[in-house]
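Novice: First the structure, which I've put down as structure tokens, then a few questions once you've had a look.
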Amino acid sequence: MTALRGLLRGNAAVNMRTAGRWISSVAAESGFSFPASQARQGVAPRRDPGSRNVQWVFLGCPGVGKGTYASRLSRLLGVPHIATGDLVRDELAATGPLSKQLTEIVNRGQLVSDEIIIDLLSKRLEDGVAKGESGFILDGFPRTRRQAEILEGVTEIELVVNLKLTEDVLLAKCLGRRICSQCGGNFNVASIDIKGENGRPGISMPPLLPPEHCMSKLITRGDDTEEVVKERLRLYYELSQPVEEFYRIRGKLLEFDLPGGIPESWPKLLRALNLDGHDEKQSAAA
Ligand code: ADP
């Protein structure tokens, strides 16, 4: 429990409502404009003296498993997992001009504009505050140095977890990714078994198959084709690797090489985060 307490410091620099508003206003100062609802004034910052919020970020290439591990940790720590990719996909599923515009960008493997992504994130943070959420694990944001600077201007990120896998594994994982169109569950049909060579450790990841009732409802993300995944990886190296450096020089980056599939990686990740020994919570999160 001590290790957990150590991590769950209750001194979040700003609360979620403030973060939501500040993201909007700082972004506006950077030249963005936001809807009136995002710029509203006079909302008193809420700080619960007893609250223990974590404000963490998950970084990593497409397909590395940020969503999987961030959502498990969010259940373990009782904070929301906020994935900007999910916010974008929710918009894609809606009808209207924004959805059409976003579909074209996402299916080319390109990044959505900072203006749109910050607007979606601000709304999500504000909705969370209204529901009493505090703290967060961000996944997919920040993705550029500029986004990292904007975030730094509005709130304190305590820890940044950088998940790593080699490119051949990332490609196989993206191409094997399947989603149940009914329950939204994430699965993977890829069977990865790469032998170690030249000092590089081998890696084995068995498929993560869906239950019988999801089998006939599996879909593939429109941006998980080989061509688009390669473009997303290229963009990651170009735009998102500087984000790793941004946090590395601030002493906030925890590098984590995934050793294999979930059963092997999850306990090791908990240990790296000083969260091991919380077996009952661990099984609740599984
Ligand atoms: P990935 O598997 O590539 O990490 P995500 O699910 O995080 O994918 O995001 C899907 C898509 O949503 C991205 O390719 C990009 O178009 C858009 N997106 C998500 N987060 C951001 C962000 N912070 N900035 C710009 N675009 C984003």
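Novice: Enumerate the pairs (first residue in region 248-273 and free of Cβ contacts under 8 Å to residues at least 60 places away in the same chain and closer than 20 Å to Leu208 by Cα; second residue anywhere and open to solvent by less than 30 Å² (accessible area, probe 1.4 Å) and part of a helix (DSSP H, G or I)) with beta-carbon separation below 8 Å, excluding pairs fewer than 6 apart on the same chain, so at least 6 apart or on different chains.
Specialist: So the pair list comes out as Pro259/Ser265.
Novice: Of all the residues that make up region 104-160, how many are away from the ligand (no atom under 13 Å from the Cβ), out of contact with any strand residue (DSSP E or B) (no Cβ under 8 Å at 6 or more places or on another chain), assigned to a helix (DSSP H, G or I) and more than 18 Å from Tyr247 (Cβ to Cβ)?
Specialist: 5
Novice: Output yes when any residue across region 263-285 is among the aromatic types (Phe, Trp, Tyr) and outside any helix (DSSP H, G or I), and no when none is.
Specialist: No - not one qualifying residue is present in region 263-285.
Novice: Please go through region 185-207 and give me each residue that is open to solvent by less than 80 Å² (accessible area, probe 1.4 Å) and touching a helix residue (DSSP H, G or I) at 6+ places or on another chain (Cβ under 9 Å), ordered by number.
Specialist: Of everything in region 185-207, those that are open to solvent by less than 80 Å² (accessible area, probe 1.4 Å) and touching a helix residue (DSSP H, G or I) at 6+ places or on another chain (Cβ under 9 Å) turn out to be Gly185, Phe187, Asn188, Val189, Ala190, Ile192, Ile194, Ile203, Ser204, Met205, Pro207.
Novice: Of the conditions (1) open to solvent by 90 Å² or more (accessible area, probe 1.4 Å); (2) touching a residue at least 12 places away in the same chain (Cβ under 8 Å); (3) under 19 Å from Phe58 (Cα atoms); (4) of a type outside the set (Phe, Trp, Tyr), Gln182 clears all except one; give me its number.
Specialist: Answer for Gln182: the failing condition is (3).
Novice: Checking Arg248 against (1) open to solvent by 90 Å² or more (accessible area, probe 1.4 Å); (2) touching a Ser or Thr at 6+ places or on another chain (Cβ under 9 Å), only one condition comes out false. Which one?
Specialist: (2)
Novice: A further question follows. Can you report the number of residues in region 177-219 which are hydroxyl-bearing (Ser, Thr, Tyr), part of a loop (DSSP other than H, G, I, E, B) and under 23 Å from Leu165 (Cβ atoms)?
Specialist: 1
Novice: Given (1) under 16 Å from the mean Cα position of the chain (by Cα); (2) of a type in the set (S, T, N, Q); (3) open to solvent by 40 Å² or more (accessible area, probe 1.4 Å), identify the lone condition not met by Thr166.
Specialist: With respect to (1) under 16 Å from the mean Cα position of the chain (by Cα); (2) of a type in the set (S, T, N, Q); (3) open to solvent by 40 Å² or more (accessible area, probe 1.4 Å), Thr166 is out only on (1).
Novice: Evaluate region 225-240: report whether one residue or more is of a type in the set (S, T, N, Q), within 16 Å of the ligand (Cβ to nearest atom) and open to solvent by less than 60 Å² (accessible area, probe 1.4 Å).
Specialist: Yes, region 225-240 contains at least one residue that is of a type in the set (S, T, N, Q), within 16 Å of the ligand (Cβ to nearest atom) and open to solvent by less than 60 Å² (accessible area, probe 1.4 Å).
Novice: Taking into account only those residues within region 64-78 that are open to solvent by 10 Å² or more (accessible area, probe 1.4 Å) and either within 8 Å of the ligand (Cβ to nearest atom) or aliphatic (A, V, I, L, M) (or both), which is nearest to Val161 (Cα to Cα)?
Specialist: Lys66
The values are calculated or read from the model by the stated rules, or taken from the named source; none is laboratory data. As the structure is a computational prediction, the values presented were derived from the model and not from experiment. Neighbour counts run over all protein chains shown; Cβ positions are idealised from the backbone, glycine included. Protein only, heavy atoms only, side chains kept; ligands, DNA and RNA dropped before computing areas. Shrake-Rupley method; radii C 1.70, N 1.55, O 1.52, S 1.80 Å.
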